[in-house]
Amino acid sequence: MKLLTRFTRLTAALLPLAIGAGFAGTAHAGLLPGASYTPLIVAGAPPDSPGARVDANVPTSPFSGVVSINIRYANGDSFICTGTLVSKRDVVTAGHCVDSNGNGQVIDINAPGNDVRVVFNSQPNPGDPGRAVITADKVSMNPNYQGFGNCPPGVNSFCVNDDVAVIHMNTDAPDTAKIYRMMNPDTVSTGTIVQFVGYGTTGTGPDGFTQGPNFRVKRLGQNVMDLFDLDDEQNFANGPQEVWYSDFDGDGQDIFCDFFGTCTPVLPNGKEAGLGGGDSGGPSFVFMDGEYYLFGTNTFGGDFTNANPGGFGSFSGGIILASYSDYLEEVTEGRIQIIPEPGSMALVGIAAAALLGARRRKQA
Ligand SMILES: [Ca+2]
Ligand SMILES: [Ca+2]
Ligand SMILES: [Ca+2]
Ligand SMILES: [Ca+2]
């Protein structure tokens, strides 16, 4: 993955300082300086293994609409990311996947030799329509994204916020690929369980990263959202929840519990996972009432020491998409389906009924 090669690992020296300073509750990236920032899916301890986390490339998979993405430049550079199908033509991914210069300049797909291609894996056999590779005819990056780690002027931190992009394809997605609806809750709670899907680097909790990414092999994992960052354009003090963080628990390590007092459930071995290079832009789904809703994208990973990159004790995270729903609506020209959280939908229904009741009483 792009970030593996482009970003050097930072030290963890600041972390105890931040804790000593009374830091709690939120985590902004400047205070989590552990990272190689490489999204991947890492499997847990044996008997769990990278192989056990592979999702079949079949139309009946609930993840048939999770795609890999190949970003190519005229100079020969080629990158892999993950994305989520949200309409027949639109794929949501990470801004840094299509950032040509590290400062938020979107790839020029009209320049000779450059392209962005979406790789479908909703059918298993070579030549199947569900394995189409479709070229982008438009790529959009969120305007507040200024490159990985880069903050707005005057904000002295390490900002992973706003890392959202949308790829528009020049033909329709294969029919066998699922299109996901996005959930738009008012707020996201610590403890929200998310389902990761990605084509990235994999490995195990004890060993960290062991195998590189693959455009045709998608893996699954889960974790729990622990911490959130507010808007970097408002110095993390206000605005919507833009960034989420999860720790990779196992072997007795629970870093966000130890460091921040945020002690969410450790998921069973075989479920709990981290992210790796190539998972960037892939979905964090929330499963509710039988449906996987697109909830977040996965954009970074990190750790506090260099001992075991991607293993237990590392962390990962990404973008809370609800905070970008206006942008996503606009750039997909309304093709993305964004729905309120089912819980609040029910509330809306009750409120409407109450209103109706009140009106009737008035008339009577
Ligand atoms: Ca920003
Ligand atoms: Ca922002
Ligand atoms: Ca965890
Ligand atoms: Ca934990």
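The values are calculated or read from the model by the stated rules, or taken from the named source; none is laboratory data. Note that this is a predicted model, so its numbers are computed, not measured. We place every Cβ from the backbone using ideal geometry, glycine too, and count neighbours over all the protein chains shown.
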Check your understanding: Does Ala165 satisfy the condition of being more than 9 Å from ligand 1 (Cβ to nearest atom), under 18 Å from the mean Cα position of the chain (by Cα) and among the aliphatic types (A, V, I, L, M)?
Key -> yes
**Study point:** Single match in Asp55, Asp90 (criterion: of a type in the set (D, E, K, R), surrounded by 23 or more Cβ atoms within 10 Å (Cβ to Cβ) and in contact (Cβ under 8 Å) with a residue 24 or more places away in the chain)
**Key:** Asp90
Check your understanding: Using beta carbons and a limit of 9 Å, which pairs, at least six apart or on different chains, have the first residue in segment 193-204 and farther than 7 Å from Gly282 by Cβ and the second one of a type in the set (D, E, K, R) and modelled with pLDDT under 90?
Key -> Thr202/Arg53; Thr204/Asp48
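Which strands (runs of 3 or more DSSP E) does segment 76-122 wholly contain that include 2 or more residues that are hydroxyl-bearing (Ser, Thr, Tyr), within 19 Å of the chain's Cα centre (by Cα) and under 27 Å from Val243 (Cα atoms)? Can you show your working first?
Working: elements: 78-85, 90-93, 115-119.
Here the list reads 78-85.
State which residue is farthest from ligand 4 (Cβ to nearest atom) when the search covers only segment 123-148 and only residues that are assigned to a loop (DSSP other than H, G, I, E, B) and within 16 Å of Pro174 (Cβ to Cβ). Steps first, answer last, please.
As a first pass, look at segment 123-148 and keep what is assigned to a loop (DSSP other than H, G, I, E, B): 123-128, 132, 142-148.
Applying the additional criterion that residues be within 16 Å of Pro174 (Cβ to Cβ) yields 123-128, 132.
Details: Gln123: 37, Pro124: 36, Asn125: 40, Pro126: 41, Gly127: 44, Asp128: 40, Ala132: 39 Å.
Looking at residues that are assigned to a loop (DSSP other than H, G, I, E, B) and within 16 Å of Pro174 (Cβ to Cβ), I get Gly127.
How many residues are outside any helix (DSSP H, G or I) and surrounded by 15 or more Cβ atoms within 10 Å (Cβ to Cβ) if we restrict to segment 316-336?
Total satisfying the criteria: 8.
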Practice item. Filter segment 161-215 down to the residues that are within 16 Å of ligand 2 (Cβ to nearest atom) and of a type in the set (Val, Ile, Thr), then identify the one that is modelled with the lowest pLDDT. Key: Val188
Exercise for review: Could you list all residues from segment 179-216 that are part of a loop (DSSP other than H, G, I, E, B), under 25 Å from Pro265 (Cβ atoms) and of a type in the set (Gly, Ala, Ser)?
Suggested key: Ser189, Gly191, Gly200, Gly205
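Tell me whether segment 155-162 contains one or more residues that are out of contact with any helix residue (DSSP H, G or I) (no Cβ under 8 Å at 6 or more places or on another chain) and acidic (Asp, Glu).
Going through segment 155-162, the residues out of contact with any helix residue (DSSP H, G or I) (no Cβ under 8 Å at 6 or more places or on another chain) turn out to be none.
For segment 155-162, residues out of contact with any helix residue (DSSP H, G or I) (no Cβ under 8 Å at 6 or more places or on another chain) and acidic (Asp, Glu): absent.
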**Study point:** Considering residues of segment 140-168 that are surrounded by 21 or more Cβ atoms within 10 Å (Cβ to Cβ) and aliphatic (A, V, I, L, M) only, the residue nearest to ligand 3 (Cβ to nearest atom)
**Key:** Val160
**Study point:** Answer residue from segment 227-268, given it is over 19 Å from Asp186 (Cβ atoms), among the acidic types (Asp, Glu) and surrounded by fewer than 24 Cβ atoms within 10 Å (Cβ to Cβ) and is modelled with the lowest pLDDT among those
**Key:** Asp251
Review point. Counting just the residues of segment 228-256 that are within 16 Å of ligand 2 (Cβ to nearest atom) and small (Gly, Ala, Ser), which one comes out farthest from the chain's Cα centre (by Cα)?
Key: Ala237
Review point. Can you name the residue in segment 189-224 that is of a type in the set (Phe, Trp, Tyr) and surrounded by 22 or more Cβ atoms within 10 Å (Cβ to Cβ) and is also nearest to Thr262 (Cα to Cα) among such residues?
Key: Phe196
Check your understanding: Among the residues of segment 242-293 satisfying the criterion of being touching a helix residue (DSSP H, G or I) at 6+ places or on another chain (Cβ under 6 Å) and among the polar types (S, T, N, Q), which is farthest from ligand 4 (Cβ to nearest atom)?
Key -> Ser280
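Specify which of the listed residues (Gly313, Gly290, Gly261, Gly274) is more than 16 Å from ligand 1 (Cβ to nearest atom) and either β-branched (Val, Ile, Thr) or within 30 Å of Asn70 (Cβ to Cβ) (or both).
Values: Gly313 fails: either β-branched (Val, Ile, Thr) or within 30 Å of Asn70 (Cβ to Cβ) (or both); Gly290 fails: either β-branched (Val, Ile, Thr) or within 30 Å of Asn70 (Cβ to Cβ) (or both); Gly261 fails: either β-branched (Val, Ile, Thr) or within 30 Å of Asn70 (Cβ to Cβ) (or both).
Criteria check complete, one pass: Gly274.
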